1. Semi-axes of the chain's equivalent ellipsoid from the Cα gyration tensor, sqrt of 5 times each eigenvalue, largest first, rounded to whole Å?
2. Just check the stretch 48-93 against the gyration tensor rule for me: Cα atoms, a ≥ b ≥ c as the square roots of the eigenvalues, rounded for a/c under 1.5, and otherwise prolate or oblate depending on whether a/b exceeds b/c.
3. Fully extended, how many nm does the chain gain between ASP88 and VAL68 (0.36 nm per residue separation, minus their Cα-Cα distance)?
4. What full-extension length gain, to one decimal in nm, is calculated for ASP21 and ARG124 as 0.36 nm per residue of separation minus the Cα-Cα distance?
5. How much net charge surrounds LEU78 when only the other residues with a Cβ under 12 Å from the Cβ of LEU78 are counted, with Lys and Arg +1 and Asp and Glu -1?
6. Please give me, ordered by residue number, the trypsin sites (Lys or Arg not before Pro) of the stretch 30-132 that lie in loop per DSSP and have at most 12 other Cβ atoms within 10 Å.
7. Where a ≥ b ≥ c are the square roots of the eigenvalues of the C-alpha gyration tensor, would you call the stretch 75-132 rounded, which needs a/c under 1.5, or, failing that, prolate if a/b is larger than b/c, or oblate?
8. When the helix-only estimate is applied to the chain (DSSP H runs of n ≥ 4, each -39,500 (n - 2.57), divided by the residue count), what is the mean residue ellipticity at 222 nm, nearest 500 deg cm²/dmol?
Amino acid sequence: MSAVRIDLADAALDADLDIPDEPTGIVIVAHTGDGPRDRTVARGLNAAGLGTLVLDLLTGHEEELDRVTAALRFDIELLTLRLIGAIDRLTEGLESAPHTAGLPVGLFGASTGAAAALAAAGARPRVAAVAS
């Protein structure tokens, strides 16, 4: 697993990338805040031969603000736009992981991450699957 940064127009997002040998696809595991459940899902997907990008849809500063306001975690439009940006970067091939280009993409999200995953899949037909 390697830490990567996804540079988008409005933010740089931290993520963990894990690509097994000869992956059959890659799943973006979208979340806000630290989610042990999401890392468990990612390990299961990796064991099945899928690459994973565990992506926090909020920056560290935004997470601090959200702990007080609880506003950003429910901003589905913001989360969707960030996820769309990550899909685009991933399918272009990340600078630190060019082998991600061309892999089929799936999305996984729970709660507001699920809403963002569904909306992002609607905006990016190249998404092959969504699990929520």
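1. 22, 15, 14
2. Judged from the Cα gyration tensor, the stretch 48-93 comes out prolate (a/c at least 1.5, a/b above b/c).
3. Details: separation 20, 0.36 × 20 = 7.20 nm, distance 3.11 nm.
Between ASP88 and VAL68, full extension yields an extra 4.1 nm.
4. Details: separation 103, 0.36 × 103 = 37.08 nm, distance 2.61 nm.
Computed gain between ASP21 and ARG124 is 34.5 nm.
5. -3
6. Numbers: sites: ARG37, ARG39, ARG43, ARG67, ARG73, ARG82, ARG89, ARG126; in loops: ARG126.
Of the trypsin sites (Lys or Arg not before Pro), the ones in loops of the stretch 30-132 whose Cβ has at most 12 other Cβ atoms within 10 Å are ARG126.
7. On the way: a/c = 2.17, a/b = 1.69, b/c = 1.28.
Judged from the Cα gyration tensor, the stretch 75-132 comes out prolate (a/c at least 1.5, a/b above b/c).
8. -12000 deg cm²/dmol
The values are calculated or read from the model by the stated rules, or taken from the named source; none is laboratory data. The shown structure was predicted, so the numbers you read here are calculated from the model rather than taken from an experiment. Every residue, glycine among them, receives a Cβ derived from its backbone with ideal geometry; neighbour counts consider all protein chains shown. Accessible surface is based on the protein model in full, side chains and every heavy atom, while ligands, DNA and RNA are left aside. Shrake-Rupley method; radii C 1.70, N 1.55, O 1.52, S 1.80 Å.
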